[in-house]
Amino acid sequence: MITKKLFGTVSDNFNYGKEVYAYTLANDSIELTVMEYGATILRARVNTPAGWRDTVCGYDALRSYEEAEGYLGAVVGRIGNRICRGKFSLDGVDYSLYINNGVNHLHGGKRGFDKKLWTATVSDDAVTFSAVSPDGEEGYPGTLTMSVTYTLTAEGGFKIAYRATTDKKTILNLTNHAYFNLAGEGYIGSHKILIDADRYLPTDDTLIPTGEIKSVKGTPFDFTEEKLISEGLEADDNEDIVIGGGIDHCLVFADRGEGVKERATVTSPDGSIVMKVFTDRPCVQFYSGNFLGDERYPFRGGKPQQRRHAFCLETQSMPDAINHENFLDCTLSAGEEFVTCTEYRFSVK
Ligand code: GLA
């Protein structure tokens, strides 16, 4: 069942006064609400024996999504995460992107895909958001035509399917920036987590990968066996954790071939909700909400926004890949189609 409701009206200069609708996909186990602005996940409630529980953080007002900096639940791109100094070269041409994060370019720039008003198409069981990013937008080459489809799965999850084509060679790293807290609120440290990643990308102090692809063995980034998030997060004798201000790193999945694989399992502090992440992407940016805490933008229902009270598992390719020859290819050429999907699947006790 899919229902549609007005969420707010846009107040920025680009789409001033336009109405933004939210769509709720619901079955007996999960209720997912997504909206046209940013193709954003507003809410994901899971049905537990003790009642419905919020698992994804969101704001009450559209204005917060327009103004705040956390990219809550949004589709981010054209390039998710950072590009060093906003510079890259492709086929001998140098490109300069908007600098919006210290000295770097982050999540698509001044007006990334999180600020786009996407067009919704609703079918029996899916909501698809479509948008075009014009050639030169935010400095990127090529007209990018894309869609993001949300569906509920029979196994108790929601799936995000991305598609994109370009008319000229470009670079692309789309992901979703949902902030999870399986307890609904509170410090995330007591969630248990397992991630099928045997390597990670250390960063410099501007959070740009150094270029090294390092084994997680013996580091706080080794989640190959289940452990508390706090065990990694609070390892403040580790240089990478100190530089990153916590966990804010790209973890590279173990090579298990092509296709969708189960890559992460997170258990709520009370053990009542288990979330599994299935994806065909090669990496995940595991972000422990270190920059949360902007008091001007409380979460749903007036809950204070607090540092490390939510985490993101942004399935993607390698950040800043275009500037590192040893990283995975992030280019998309004319005639190719970018097709990828990620499912967040919940089970309850
Ligand atoms: C990503 C980055 C973080 C931070 C958030 C948004 O996850 O890796 O450093 O910028 O987005 O606040």
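Where a number appears in this text, it was derived from the coordinates with a stated rule and is not lab data. All figures in this text were calculated on a predicted structure; none of them were measured in a lab. Here the Cβ is made from the backbone with ideal geometry for all residues, glycine too, and neighbour counts use every protein chain on show.
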Item to check | Square roots of 5 times each gyration tensor eigenvalue, C-alpha, the stretch 41-99, largest first, Å | outcome: 37, 14, 7
Checklist entry - Quick one: if the Förster radius is 25 Å, what FRET efficiency do Arg307 and Lys110 give, using the C-beta to C-beta distance and rounding to 0.05? => result 0.50
Checklist outcome for this item: Expected sort for Ser288, Ser190 with the fewest Cβ neighbours (10 Å cutoff) up front is Ser190, Ser288
Item to check | Taking Lys4, Lys159 and counting other C-beta atoms within 10 Å, the order from fewest to most | outcome: Lys4, Lys159
Item to check | Dipole magnitude (debye, nearest 20) for the stretch 41-84, charges at Cβ of Lys, Arg, Asp, Glu | outcome: 200
Item to check | Viscosity 0.692 mPa s, temperature 37 °C, Stokes-Einstein D of the stretch 192-349 from Kirkwood C-alpha radius, µm²/s | outcome: 196
Checklist outcome for this item: Counting all Cα-Cα pairs in the chain, those more than 35 Å apart amount in percent to 16
Item to check | Gained length - Asp270 relative to Lys87, 0.36 nm times residue gap less alpha-carbon distance | outcome: 61.4 nm
Item to check | Ellipsoid equivalent to the stretch 31-184 - semi-axes via the Cα gyration tensor, in Å | outcome: 30, 18, 12
Next on the checklist: How far apart, in nanometres, would the label points at Asp205 and Ile2 be if each is projected 7 angstrom from Cα along the Cα-to-Cβ direction?
Outcome noted: 4.9
Checklist entry - In the structure shown, do any of Lys5/Lys115; Lys159/Lys261; Lys110/Lys303; Lys227/Lys303; Lys276/Lys349 have a Cα-Cα gap over 21 Å, and if so which? => result Lys110/Lys303; Lys227/Lys303
Checklist entry - Counting other C-beta atoms within 10 Å, which of Glu336, Glu138, Glu295 has the fewest, and how do the rest follow? => result Glu295, Glu336, Glu138
Checklist outcome for this item: When the charge dipole of the chain is computed with +1 at the Cβ of Lys and Arg and -1 at the Cβ of Asp and Glu, the Cα pointing farthest to the positive end, of Thr145, Pro282, Ile229, is that of Thr145
Checklist entry - When the convex hull of the C-alpha atoms of the stretch 1-112 is computed, what volume per residue in Å³ does it have? => result 140
Checklist entry - When only DSSP loop residues count, what chymotrypsin sites (Phe, Trp or Tyr not before Pro) in the stretch 7-79 have their Cβ near at most 12 other Cβ atoms within 10 Å? => result Phe14, Tyr16
Checklist entry - Hey, could you pull the Cα Rg and Dmax for the stretch 262-349, both in Å? => result 16.9, 49
Checklist outcome for this item: Volume per residue (Å³) of the convex hull spanned by the alpha carbons of the stretch 17-59 is 71
Item to check | Using a Förster distance of 25 Å, the FRET efficiency for Asn27-Val339 (Cβ separation, nearest 0.05) | outcome: 0.50
Checklist outcome for this item: A chain fully extended from Ala161 to Thr121 at 0.36 nm per residue, minus the present Cα-Cα distance, gains in nm 13.0 nm
Checklist entry - Got the relative contact order for the stretch 24-152 handy, in percent, Cα pairs under 8 Å and 6 or more residues apart? => result 21
Next on the checklist: Between the stretch 100-129 and the stretch 14-69, how far is it from one alpha carbon centroid to the other, in angstrom?
Outcome noted: 14
Checklist entry - For the stretch 200-235 and the stretch 142-159, what is the separation of their Cα centres, given in Å? => result 29
